[in-house]
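Reading through the structure tokens given below for one structure.
The values are calculated or read from the model by the stated rules, or taken from the named source; none is laboratory data. These numbers were taken from a predicted model, which means no experiment stands behind them. Every residue, glycine among them, receives a Cβ derived from its backbone with ideal geometry; neighbour counts consider all protein chains shown. Areas reflect the complete protein model, heavy atoms only, side chains present, ligands, DNA and RNA absent. Shrake-Rupley method; radii C 1.70, N 1.55, O 1.52, S 1.80 Å.
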Amino acid sequence: MLFDLDGTLVDTPGAAVPLIRRVVARSGRPMPPAHHIRACADRPLGPTFARLLGLPPGHGMVRLSVNRFQALFRERVLPAAAELVFPGLPELLGGLRASGHSLAVITGRTRTGAEELLAAAGLLAEFDLVVGDWMTPRGKPAADPALLASRSLAVPPENCVVIGDSVDDVLMASAAGMRAVGVTFGVDRADQLVAAGAGWLAGSAAELHGLLRPGVRRG
């Protein structure tokens, strides 16, 4: 089982939105519509702030905004990460492990960022592997991270299931020849996930449990 992190395991997008608004306000740039901010809240920070500020990715204000956001995140979100885990997810992960499934996280975060968040949320020990963009030539929505996880876990792609809240998660799964479950409590809408190729949708950990429990062992 290959899980996305932000918006799938932990509601960091919900916590990030007010921080993003604060950083954009400090930049002096126009404030984007609320739905644009929410849609970017679980994406990599550099492209996110370039898009929201309407500036080139290498612009100094983009870099400054990323640094400001990271400082706010460590100060305000990490200490509360355990409270941001979606209800029922720790029990679901424990049950999957007890049933013999291998579990990995696939994220666009840096190694340090991913491990800090998972540790603060109390979830790091549940996973056999953390795969990030730093480990592959291409990140989501390319197949590379999912295929690396498949090889590392010694589970064939056709036996892997990707669980994520974004279109990029679903597209990655499709490109890798894997099944995809879209969770609707994250960032992207149900219709977007289905259009991208999600075979199943889950609106809660309980629904995820019903979909994943009969799944292939060790996947």
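Here are the numbers:
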{"read-out": "Top-ranked residue of segment 87-137 - restricted to ones that are at pLDDT 95 or above and touching a Ser or Thr at 6+ places or on another chain (Cβ under 6 Å), ranked as farthest from A41 (Cα to Cα)", "value": "D128"}
{"read-out": "Residues of segment 51-77 classified as surrounded by 14 or more Cβ atoms within 10 Å (Cβ to Cβ) and either among the β-branched types (V, I, T) or under 20 Å from W134 (Cα atoms) (or both), total", "value": "5"}
{"read-out": "Residue list for segment 111-125, filter: touching a Gly at 6+ places or on another chain (Cβ under 7 Å) and farther than 17 Å from A16 by Cβ", "value": "R111"}
{"read-out": "Selection status of L55, under 30 Å from A98 (Cβ atoms) and at pLDDT 95 or above", "value": "no"}
{"read-out": "Unmet requirement for T8, which otherwise passes all of (1) touching a Gly at 6+ places or on another chain (Cβ under 6 Å); (2) of a type in the set (S, T, Y); (3) loosely packed, with under 14 Cβ neighbours inside 10 Å", "value": "(3)"}
{"read-out": "Any hit, segment 26-43, residues being among the β-branched types (V, I, T), over 30 Å from A173 (Cα atoms), open to solvent by less than 60 Å² (accessible area, probe 1.4 Å) and part of a helix (DSSP H, G or I)", "value": "no"}
